[in-house]
Amino acid sequence: MNESFLPVLPGREEIALLDVFTCLDMRDIELVATADDAARALKALGRLDVVGFDTESKPTFLKNEVSTGPHTVQLSSLDRAWVFQLHDPDCRAAAAQLLASKALTKVGFGLSSDRAQIRAKLDIEPQSVLDLDTVFKRRGYRNSVGVKTAVALVFGQRFVKSRKQTTSNWSSRHLTEAQICYAANDAYAAMRVFDALDMPGVVSA
């Protein structure tokens, strides 16, 4: 492809000028922290074919410190999200079942590290996972496309991510509303981008 015709990604300054992307709020998010929560989530998610997907882990700050994450797994439809905390064995089992399902396509961004942590934490191999960065690469974008850039490209909007929440304690048994919203909306934004790209039937192992 001629260099002059390669698609160009918006810069940080350009994105900062865009209108804010509308995220889910707490009334649209289910926190999955107990066996009953897990049963309800499995029932609801069992009706879906594709979901947005992401994980969160407590950050590591010390040299040679090994992460014990993921501590949450997030899945989202176009209007609702589920944030699985992995302290409870039933929640871990439900999350593992969904991630190992070939019938449920999981779409997200930058999922290579998520895969490795999931293998270690849940002892399963994630199936039917599509990293949307690869979709943008196939469309000619050379540089990696994350969720913020994708939202800017697809919707002309700015996806706001809080640095404070990124580095917060995701291993806590009592997540704040701000943490829950942050986690859920990473998955939700990925689902919205996938839906807008109009790729029915696309699945990646």
Practice item. Go through the residues of the stretch 140-162 one by one and say whether even a single one is in contact with an Asp or Glu (Cβ under 9 Å, 6 or more places away or on another chain), under 25 Å from K58 (Cβ atoms) and part of a helix (DSSP H, G or I). Key: yes
Practice item. Please find, within the stretch 136-158, the residue that is most open to solvent (accessible area, probe 1.4 Å) out of those that are polar (S, T, N, Q) and touching a residue at least 60 places away in the same chain (Cβ under 8 Å). Key: N143
**Study point:** Hits in the stretch 106-148 - residues which are of a type in the set (S, T, Y) and within 17 Å of M199 (Cα to Cα)
**Key:** S128, T134
Study note, to complete from the structure: The one condition D198 fails out of (1) touching a residue at least 12 places away in the same chain (Cβ under 8 Å); (2) more than 23 Å from W82 (Cβ to Cβ); (3) of a type outside the set (A, V, I, L, M, F, W, C) is (1)
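For the stretch 91-115, give me each residue that is of a type in the set (A, V, I, L, M) and either assigned to a helix (DSSP H, G or I) or over 9 Å from P126 (Cβ atoms) (or both).
Step one: list which residues in the stretch 91-115 are of a type in the set (A, V, I, L, M), which gives 93-96, 98-100, 103-104, 107, 111.
Matches in the stretch 91-115: A93, A94, A95, A96, L98, L99, A100, A103, L104, V107.
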Practice item. Filter the stretch 4-38 down to the residues that are in contact with a strand residue (DSSP E or B) (Cβ under 9 Å, 6 or more places away or on another chain) and under 11 Å from Q157 (Cα atoms), then identify the one that is most open to solvent (accessible area, probe 1.4 Å). Key: L17
**Study point:** Residue satisfying condition, being touching a strand residue (DSSP E or B) at 6+ places or on another chain (Cβ under 8 Å) and touching a residue at least 40 places away in the same chain (Cβ under 8 Å), within set K106, K121
**Key:** K106
**Study point:** Members of the stretch 120-135 found to be open to solvent by 10 Å² or more (accessible area, probe 1.4 Å) and farther than 10 Å from L99 by Cβ, listed by number
**Key:** A120, K121, D123, D131, D133, T134
Practice item. Only residues that are within 16 Å of A187 (Cβ to Cβ) and among the hydrophobic types (A, V, I, L, M, F, W, C): list them for the stretch 105-119, please. Key: V107, F109, L111, I118
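The values are calculated or read from the model by the stated rules, or taken from the named source; none is laboratory data. Note that the structure is predicted; figures quoted are calculated from it, not measured. Here Cβ is always computed from backbone atoms with ideal geometry, including for glycine, and neighbour counts include all displayed protein chains. Surface areas here come from the heavy atoms of the whole protein model, side chains and all, with no ligands, DNA or RNA. Shrake-Rupley method; radii C 1.70, N 1.55, O 1.52, S 1.80 Å.
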